[in-house]
Amino acid sequence: MKITKNRIIFLLSALLFLSLAALALILFRGHSSSGETSYLETPDKAVYSVELKPFDTLNKGDRLLVFFTGSVQEIYPSQFKNQLGYILLNDL
């Protein structure tokens, strides 16, 4: 009886561990996988390179608010050093 109980506990623990590991892998891949790089032009003709989420698409005239840390790299096109994310303002 005790051996069966220990086996059940072991199997449930292994199942829980594998489930948590799979969830962590899904979340990590979703967060770290970069989407498509788009080159966006501002009204004053400045061009920025922005990493978009895999399923987001932009159309001409869309407004985007980009969150980043660090600085904007002064190369062409300009790039955000550490892009944290963005909000498509058309959706608000």
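Descriptive notes on the structure:
- The mean sequence separation of alpha-carbon pairs under 8 Å and at least six residues apart, normalised by the residue count of the range 37-91, gives a relative contact order of 33 percent.
- Computed about its Cα centre, the charge dipole of the range 38-92 is approximately 20 debye, with only Lys, Arg, Asp and Glu carrying charge at their Cβ.
- A full extension of the chain between D62 and K2 corresponds to an added length of 15.1 nm, given 0.36 nm per residue minus the alpha carbon distance.
- Within straight-line reach of K81, meaning a Cα separation under 18 Å, sit the following lysines at least 8 residues removed in sequence or on another chain: K53.
Taken together, the values in this text are just the output of simple stated rules run on the coordinates, not laboratory data. Note that the coordinates shown come from a computational prediction; the quantities given were computed from them, not determined experimentally. All Cβ positions, even for glycine, are placed from backbone atoms using ideal geometry, and neighbour counts span all protein chains on display.
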